[in-house]
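> Handing you this structure, nothing more for now.
The values are calculated or read from the model by the stated rules, or taken from the named source; none is laboratory data. Since this is a predicted model, take the numbers as computed values, not measurements. Heads up, the Cβs are rebuilt from the backbone with ideal geometry, glycines too, and the neighbour counts pull from every protein chain shown. In case anyone asks, the SASA skips ligands and DNA or RNA and just uses the protein heavy atoms, side chains included. Shrake-Rupley method; radii C 1.70, N 1.55, O 1.52, S 1.80 Å.
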Amino acid sequence: MERMSKTKESLTLLSIIGLCAAVAVSVLAQPMPTTPFLIHGYVFYEDGSECKNPMINITNLNSGAEWQAETNECSNYYQLVLVNETGVNASEMLQFEVKNHDESQLNITLRNVTSEDINRGGIFDFNITLEVPEAPTAL
């Protein structure tokens, strides 16, 4: 009788261990939360005035990935939030193509992603300057 009780205890213990192992495998199989990579800054004209509602396209020249930064018609601020799965790595080159709202001004700027950028979680306060638009001439 005592032998049967120990067998049941052993089977119960093995079942619990198996269940714990299955739960552990299930947890490990879940995707790890990703760390966002933030790029942000402001767009100005050479005279220091704000370029409101700029259009900013960012291309990873190494992977070919392309993104459009978020902007607002009332501000010269831009931001782009990427998830690391999208492929921004240290030593890759990003191309910023910046246009003012009427597309009369263009600035193409290159920026190398550093390991410091990766460790900090982004490229912060990356400001871009456009030439001052020419004033329309009266005819």
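> Starting at 0 and stepping by 10 Å, how many percent of the alpha carbon pairs of the stretch 79-123 end up in each bin?
24, 47, 23, 7
> Let me ask something else. Would you mind telling me the share, in percent, of accessible area of the stretch 47-137 contributed by carbon and sulfur at probe 1.4 angstrom?
Summing carbon and sulfur atoms, their accessible area is 44 percent of the total for the stretch 47-137.
> Placing +1 on the Cβ of each Lys and Arg and -1 on the Cβ of each Asp and Glu in the stretch 36-139, which of Pro133, Tyr78, Leu94 has its Cα farthest towards the positive end of the resulting dipole?
Checking the options against the dipole of the stretch 36-139, the answer is Leu94.
> For the pair Asn127 and Ser115, how long in nm is the line joining their label points, each one 7 Å along Cα→Cβ?
So the two model labels end up 3.0 nm from each other.
> Could I ask something else about it? Please list, in chain and number order, the residues 5+ apart from Gln105 or on another chain whose amide H is under 5 Å from its amide H, with Hs placed from the backbone.
Close amide H contacts, sequence-distant or interchain: Asn100.
> Let me ask you something else. Multiply the residue separation of Asn53 and Gln95 by 0.36 nm, subtract the distance between their alpha-carbon atoms, and state the gained length in nm to one decimal.
Separation in residues times 0.36 nm, less the Cα-Cα distance, equals 13.2 nm.
> Turning to a different aspect of this structure: Just add up the charged neighbours of Thr59: K/R +1, D/E -1, any other residue whose Cβ is under 10 Å from the Cβ of Thr59.
Summing Lys and Arg as +1 and Asp and Glu as -1 gives -2.
> Considering all projection directions equally, how large on average is the shadow of the alpha-carbon convex hull of the stretch 54-136, in square nanometres?
Its average projected convex-hull area is 5.8 nm².
> Under 5 Å between amide hydrogens, which residues at least 5 positions from Gln79 or on another chain qualify, with H placed 1.01 Å from N in the peptide plane?
Long-range HN contacts for Gln79: Glu70.
> Taking loop as defined by DSSP and a crowding limit of 13 other beta carbons within 10 Å, which GluC sites (Glu not before Pro) in the stretch 76-121 fit?
Sites meeting the loop and neighbour criteria: Glu103.
> Which chymotrypsin sites (Phe, Trp or Tyr not before Pro) does the stretch 59-126 hold that lie in a coil by DSSP with at most 13 other beta carbons within 10 Å?
Qualifying residues, ordered by number: Phe124.
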